[in-house]
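What follows draws every value from the coordinates through simple rules; no lab data is involved. Values in this document were obtained by computation on a predicted structure and should not be read as measured data.
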Amino acid sequence: MQYCSYYTAYVDKPLCWYVVAILKSYEHLAFDRTLDTATNLFEFYVPADREQEFVRLMDYFKSQHLVSELTKKENRLMQPGQEL
C-alpha cells in the first residue's frame, strides 16, 4: 500500500474557508482536515504525483500570509493505532 505525503501547517483562522475552498477546487490535490481547532493546525494528505503542485500552491498561500509553518512529516497513519 502506498501512503500519501503528509504535511501540517497553520492556517489563518479568518480566511481558512478560503484556503479550504481553493484546495477543493483542485480535484484530487489534497485531503485537508483541522488537526487542532484551538491553534488552527491543519493536516494535509497529498498524493505523491501531486506533491509538487501542492507545494507550489502552499508557497503562494505562505506569500499571502494565509498559511505558516508548512512542514512535511512522516504520514501519521503509518503508525499503529492511528486513525483519521
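Which ³J(HN,Hα) values, rounded to whole Hz and listed in residue order, are derived for the range 7-24 from phi using the Karplus coefficients 6.51, -1.76 and 1.60 in 6.51 cos²θ - 1.76 cosθ + 1.60 with θ = phi - 60°, glycine and proline given as x?
Per-residue couplings from phi come out as 10, 10, 6, 8, 10, 4, 4, x, 10, 5, 4, 5, 4, 5, 5, 5, 4, 5 Hz.
Starting from the Kirkwood Rh over alpha-carbon pairs, what translational D in µm² s⁻¹ does the range 5-75 have by Stokes-Einstein at 10 °C and 1.306 mPa s?
After rounding, the answer is 133 µm²/s.
For helix 51-63, report the angle its Cα long axis makes with the longest principal axis of the Cα atoms of the chain; keep it between 0 and 90° and round to the nearest 10°.
30 degrees
Run lengths n ≥ 4 of DSSP H only: what is the helix-derived mean residue ellipticity at 222 nm for the chain, with -39500 (n - 2.57) per run over all residues, to the nearest 500?
Calculated at 222 nm, the ellipticity per residue is -8500 deg cm²/dmol.
Going by amide H atoms built from the backbone, whose H comes under 5 Å of the H on Ser5, apart from near neighbours?
For Ser5, the qualifying residues are Val46, Ala48.
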